[in-house]
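Report on the structure given below.
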Amino acid sequence: MPAPNASLLALRIRYAAVALFVVIWGLLWRSPLIALSPFLRKYGGDAIWALMVYLGFRFLLTHRSALWSVVLALLFATAIEFSQLYHPPWLDAFRELRLGRLILGSTFNWPDLPAYALGIIVGAAIDAAARQAGTRS
């Protein structure tokens, strides 16, 4: 694979910066510092998590179309959700850690899947609009 050019590197830096912002936003969203309904706290947090996954794939796949990142993020989020049906002791031990719970969750919940899809689709739409605005200027 050829070395990334300067514009791909700049794009990766932007995706990394936005992903960091989204991680902070997600942690704040799930914290008691913001008064949200349990529904918004839960499913909004799931959508924010999936948005971060999308941004991670955009960071890794800047040379590919955004559709690749959408599809891979949807597959990854779905795989993570279904992995919550699998409970070997070593994986449950990791899920008991805060980091493990943030990354892998703990309990399968099918309504999480539409929340993931929403976060990814909204993220991809904003990404596309930002890229289009960047090409116009």
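Numbers for the structure displayed
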{"read-out": "Value of relative contact order over the chain, rounded to a whole percent, pairs C-alpha under 8 Å and six or more apart", "value": "28 percent"}
{"read-out": "Size of electric dipole in region 29-102: Cβ of Lys, Arg +1 and of Asp, Glu -1, about Cα centre, debye, nearest 20", "value": "200 debye"}
{"read-out": "26 Å tail of the calculated P(r), the chain, as % of Cα pairs", "value": "28 percent"}
{"read-out": "Compactness of region 64-137 as Cα Rg over 2.2 N^0.38 Å, two decimals", "value": "1.40"}
{"read-out": "Span-rule helices in the chain, defined as complete DSSP H runs reaching 27 Å or more along the axis (Cα) with Kyte mean at least 0.0", "value": "6-30, 112-136"}
{"read-out": "Solvent-accessible area per residue, Å², over the chain with all protein chains present [probe radius 1.4 Å]", "value": "63 Å²"}
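The values are calculated or read from the model by the stated rules, or taken from the named source; none is laboratory data. As the structure is a prediction and not an experimental result, all values here were calculated from the model. Heads up, the Cβs are rebuilt from the backbone with ideal geometry, glycines too, and the neighbour counts pull from every protein chain shown. Please note that ligands, DNA and RNA were not included when accessible areas were found on the heavy atoms of the full protein model with its side chains. Shrake-Rupley method; radii C 1.70, N 1.55, O 1.52, S 1.80 Å.
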